[in-house]
Amino acid sequence: RRSIELNNKRVEAHFNLGITLADCKQPDAAIVSLETALTLDPQFAEAHAAIGIIKGASNQLELANDKLTEAIKIKPDDCSFYLNRGNILADLRRFDESLADYDKAIELKSDYYYAFSNKGHVLLTYLFNAEAALIYFDIALALKPDFVSALINRAEACNRLWKLEEALECFLKALEIDPSAPFIIGKCLHYKMKICQWDNLNEGFSIYES
C-alpha cells in the first residue's frame, strides 16, 4: 500500500510538472514529464489529453487526435476531452465528427458554454451557417454573459446576416468587459462607420425612388 501511495504521488508530480512546463511555453519538456507520468500509470487519462492538447498547439493534429481519443477511451465521461478533440477535428476539417464531439460534451455538461461557443464557431467559420451559429453563441452568452470571444463571434455572425446594429451591440458589450482592447475598439468604430454608410446609402435610394 505504501508503494502504491508513493507511486501515485510520483505520477501526480510528473503530471503537474508537465502542465507547468506547458504553461511556460516549453512543450517538449512538458511532453517528457507527461510521458513519464504515463510510464508510471498508462491509464492516466488526463496525461494523454494534455499531450494531445500540446500536440494540437504545435499542429501535430493526427497525433493530437490519437491522444485525446485514448483519453476518452479511458475516461469517457470527461466533457473537456470531447471539447478538445472537437477542436482538433475541426482543424482536421472533419466537421461532422467535430460537431458530434461538441454535442457529446454538452450532453455530459449541459451548461458547458465553451462547447456551445465552439460549435457555433465551426458552423460559422467552416460551414458558413451564420443563422445556426447564432443560436449557439446566444446559448453560450446566456450561460456566460461576459464571454468575450462568444460576443466577437456573435458579432461576425450578425455581420454576415447584415444585422449590423446587433454586431455593433456585441462589440460595445465586449468593450465594457475589456475597455482597453485595441481590436474591440477598432471594431466598434468600424461598425459605427458601416452603419452610417448603410444608412446614407438607404437614404440615397429613398430619394431616388421618390
**Q.** Test set (1) among the β-branched types (Val, Ile, Thr); (2) exposed (fewer than 15 other Cβ atoms within 10 Å of the Cβ); (3) modelled with pLDDT of 95 or more - Val148 fails condition number
**A.** (2)
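Among the candidates Leu92, Leu124, Leu161, single out the residue that is under 30 Å from Leu38 (Cβ atoms), in contact with an Asp or Glu (Cβ under 8 Å, 6 or more places away or on another chain) and touching a residue at least 24 places away in the same chain (Cβ under 8 Å). I'd like the intermediate steps shown before the answer.
On the way: Leu124 fails: under 30 Å from Leu38 (Cβ atoms); Leu161 fails: under 30 Å from Leu38 (Cβ atoms).
Every option except Leu92 fails the conditions.
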Q.
Please determine whether any residue of the stretch 33-43 is at pLDDT 95 or above and under 19 Å from the mean Cα position of the chain (by Cα).
A. no
Q: Could you identify the single residue in Ala100, Ala22, Ala71 that is assigned to a helix (DSSP H, G or I), open to solvent by 30 Å² or more (accessible area, probe 1.4 Å), farther than 30 Å from Asp138 by Cβ and small (Gly, Ala, Ser)?
A: Ala22
Q. Restricting the search to the stretch 168-197, which residues are among the small types (Gly, Ala, Ser), surrounded by 14 or more Cβ atoms within 10 Å (Cβ to Cβ) and over 20 Å from the mean Cα position of the chain (by Cα)?
A. none
Q. Restricting the search to the stretch 7-49, which residues are small (Gly, Ala, Ser) and farther than 20 Å from Asn84 by Cβ?
A. Ala13, Ala29
Q) Filtering the stretch 104-136 down to residues that are part of a helix (DSSP H, G or I) and within 15 Å of Asp78 (Cβ to Cβ), which residue is most open to solvent (accessible area, probe 1.4 Å)? A) Glu107
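Considering the stretch 14-71 alone, what residues qualify as being more than 15 Å from Leu92 (Cβ to Cβ) and either touching a Cys at 6+ places or on another chain (Cβ under 9 Å) or β-branched (Val, Ile, Thr) (or both)?
Of all residues in the stretch 14-71, those more than 15 Å from Leu92 (Cβ to Cβ) come to 14-51, 54, 70-71.
Ile19, Thr20, Ala30, Ile31, Val32, Thr36, Thr39, Ile51, Ile54 - these are the residues of the stretch 14-71 that are more than 15 Å from Leu92 (Cβ to Cβ) and either touching a Cys at 6+ places or on another chain (Cβ under 9 Å) or β-branched (Val, Ile, Thr) (or both).
Can you tell me which residue is least open to solvent (accessible area, probe 1.4 Å) among those in the stretch 74-97 that are in a loop (DSSP other than H, G, I, E, B) and over 13 Å from Gly56 (Cα atoms)? Give the steps one after another, and end with the answer.
Step one: filter the stretch 74-97 for residues in a loop (DSSP other than H, G, I, E, B), giving 75-78, 92-94.
With over 13 Å from Gly56 (Cα atoms) added as a condition, the list becomes 75-78, 93-94.
On the way: Lys75: 70, Pro76: 71, Asp77: 105, Asp78: 30, Arg93: 139, Arg94: 78 Å².
Taking the candidates together, the pick is Asp78.
The values are calculated or read from the model by the stated rules, or taken from the named source; none is laboratory data. Small disclaimer: the values here were computed from a predicted structure and weren't measured. Methodologically, a virtual Cβ is constructed for each residue, glycine included, from the backbone with ideal geometry; neighbour enumeration extends over all protein chains shown. Only protein heavy atoms, including side chains, enter the accessible area calculation; ligands, DNA and RNA are left aside. Shrake-Rupley method; radii C 1.70, N 1.55, O 1.52, S 1.80 Å.
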